[in-house]
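Asker: Got a structure here, written out as structure tokens. Questions coming.
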Amino acid sequence: MKAIHPCRWLLCAGAFACVSGVAGAANAVTLPLGYGYVASQSAQTSVDAGVHQQHDSTTIGSDSASIATPGGTIGPGTASSSGFIAITPSPKISASTSVTFSTPPSAYNTSDGNYGSNAYYSGSLVYYFEIGGPTSSVAVNAKAVAAYSTSALPAGGNGIGAINFIVNQIDPLGYQSPTSIIRDSTTFAVGSYSAATAAKSGGFVENGTYSLLTNTLYQVGLQVVFNSAIVNTGVSDPSSTGGSATFLASLDPTFKVAPGVADPNGYSFVFSDGIGNTVSSTPLPAALPLFATGLGALGLLGARRKRKSPAPRAA
């Protein structure tokens, strides 16, 4: 497969911003021209049978969207979605969605499931790095924590999502190796159209050591995408009992020369211009349950899905 060059990537649909940059030389290593980072965010929201707001961003930083049911509508609801893509001190995507929906009167009952609140976020970041050093290869410790959580959901509440972390080697002709060096992924589906659902959380911890070639280009891909909704249960009276739902997710990787390598200071990483690589001092297992406190208020939302939406595919 040909390398995804800075303005295209397989994980995330939507427009990408291509920010090219050439990192400064370190141990005679310089990234090829054009291998900057690529970032994309999309937020969508919808309430009350189709009133919606959408925002696509191609910038680093925060992006958000929020909406409320217009005044005088029968079925009140709100939806908000937000995300944040950072490239320093280390690359990170963090996001949240929140929806509410109040119980409508019986006249609002419908069999098509078109009424309720929906919030969607999708964010991706692709960047590159090389390693300079005295040997042809070196052991590298890759660390990443991916985490998500959902609140308890009322009847009619549901959500789907995926978090992906991928590292590929790029050959001198610009092609990806057929097998990813790292391919971590977590997906989830939660909720019920007929009963309340308990809160859910999960994710993955990457803390592996990999033999990487020096003077060789590597591509790193991060993706967070998820959708939360509260909708009319649809098949018969009554409609959704209403309530609220909040989803959180984050992903934050770093790389360093592995312990035990002789002369570790003789090696240096050169990343796409602007990309940081500060290693967190927080032990990885301990960081997983703490992710929610580090997320902050974010907001981007998605066009509401009718009935059950298919779960996002892990790349």
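Values quoted throughout were computed directly from the atomic coordinates according to the rules given, and no laboratory measurement underlies them. Predicted model only: the values in this text are computed from it and were never measured. Cβ: placed from backbone, ideal geometry, glycine included. Neighbour counts: every protein chain shown.
Asker: Determine which aspartates and glutamates satisfy two conditions relative to Lys143: a Cα distance under 14 Å, and not lying fewer than 8 residues away in the same chain.
Answerer: Asp184, Glu206, Asp252
Asker: Let me ask something else about it. Which of the peptides 131-138, 261-268 is most tightly packed, and how do the rest follow, going by the mean number of other Cβ atoms within 10 Å of each residue?
Answerer: Top to bottom by mean Cβ count within 10 Å: 131-138, 261-268.
Asker: So how do Tyr218, Tyr210 line up by other beta-carbon neighbours within 10 Å, fewest first?
Answerer: Tyr210, Tyr218
Asker: Can you check what the net charge comes to around Val205, using other residues whose Cβ is under 12 Å from the Cβ of Val205 (Lys, Arg +1; Asp, Glu -1)? It would help to have the intermediate numbers written out before the result.
Answerer: Numbers: positive: Lys143; negative: Asp184, Glu206, Asp252.
The answer is -2.
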